[in-house]
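Student: My structure is below; once you've seen it, I'll send some questions.
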Amino acid sequence: MKSSSVLRSAVLLGITLLTGGCLSGKSTAEIPAVSGFELPRYLGVWYEIARLPHRFERNMDRVTAEYTANPDGTVKVVNSGERDGERRKAEGIARFKGSSDLGELEVSFFRPFYGDYRIIRLAPDYRYAVVTSSTKEYLWILARTPQLPEEEQKELVEYAKSLGFAVEKLEFPIQDPAR
């Protein structure tokens, strides 16, 4: 893994999330984060089922996000994926933006800059999540398994569409087992 490439990707992600609210994207402020959130249930590995395209994830497949609790109450974030046959990762940190029972955090891959991480839909059993940032330029559908049943995936895409996300631009990374 080329550390300069990983560092560059992490810097771009941090800058993108930080400036996202300042750019032309429509705000997600009217979309509430999930309530009754339980961090211990959210920790672990999530597979990226779909995403709106961004430079820092261009041509990435086998994308995962892993969340681990830190002793100080923050969360270690490790995003990884495969591009051109090479596994790449970016490590960051997340913290609650307010109350710990709301799915509203902020994440940094390039401190001291933080960007919003807002969970706007979460399965009662925590098997899928829909996540955004401060603008509708960012959207991820995540799951605990590499694939979701087709009907469930369609339902989540329709949900995002009903909120004004440009679902016609969604990318669906390959999630077959990494080589």
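Read-outs throughout are calculated quantities, based only on the coordinates presented, and are distinct from any laboratory measurement. The shown structure was predicted, so the numbers you read here are calculated from the model rather than taken from an experiment. Positions of Cβ are generated from backbone atoms using ideal geometry, with glycine treated the same way; all protein chains shown enter the neighbour counts.
Student: If you take the charge dipole of the stretch 110-175 about its Cα centre, with +1 on Lys and Arg Cβ and -1 on Asp and Glu Cβ, which of Ala160, Phe113, Ser134 is farthest toward its positive end?
Tutor: Highest projection toward the positive end goes to Phe113.
Student: Another one. Taking the stretch 61-136, which trypsin sites (Lys or Arg not before Pro) meet the DSSP loop condition and have no more than 11 other C-beta atoms within 10 Å? Before the final figure, lay out the partial values.
Tutor: Working: sites: Arg62, Lys76, Arg83, Arg87, Arg88, Lys89, Arg95, Lys97, Arg118, Arg121, Arg127, Lys136; in loops: Lys97, Arg127, Lys136.
When the trypsin sites (Lys or Arg not before Pro) of the stretch 61-136 are filtered for loop state and at most 11 Cβ neighbours within 10 Å, nothing remains.
Student: If the limit is 21 Å between Cα atoms, which of Lys89/Lys154; Lys76/Lys97; Lys26/Lys154; Lys97/Lys136; Lys26/Lys169; Lys76/Lys169 go over it?
Tutor: Flagged as over cut-off: Lys89/Lys154; Lys26/Lys154; Lys76/Lys169.
Student: Compute the distance in nm between two label points, each set 7 Å from the Cα along the Cα-to-Cβ direction, one at Ser35 and one at Asp72.
Tutor: Placing both labels 7 Å beyond Cα along the Cβ direction yields 3.1 nm.
Student: May I have the extent of the alpha carbons of the stretch 61-179 along their three principal axes, as whole Å values ordered from largest to smallest?
Tutor: 39, 36, 27
Student: Next question, about the same structure. How charged is the neighbourhood of Tyr126? Take every other residue with its Cβ under 15 Å from the Cβ of Tyr126, and add Lys/Arg as +1 and Asp/Glu as -1. Could the numbers behind the result be given before it?
Tutor: Values: positive: Arg41, Arg121, Arg127, Arg144; negative: Glu38, Glu66, Asp101, Asp125, Glu152.
So the surrounding residues net to -1.
Student: Okay, moving on. From the phi angles alone, apply the Karplus equation (6.51, -1.76, 1.60; θ = phi - 60°) to the stretch 27-35 and give each ³J(HN,Hα) in whole Hz, x where the residue is Gly or Pro.
Tutor: Those phi angles translate into 5, 9, 4, 7, 9, x, 6, 5, 9 Hz.
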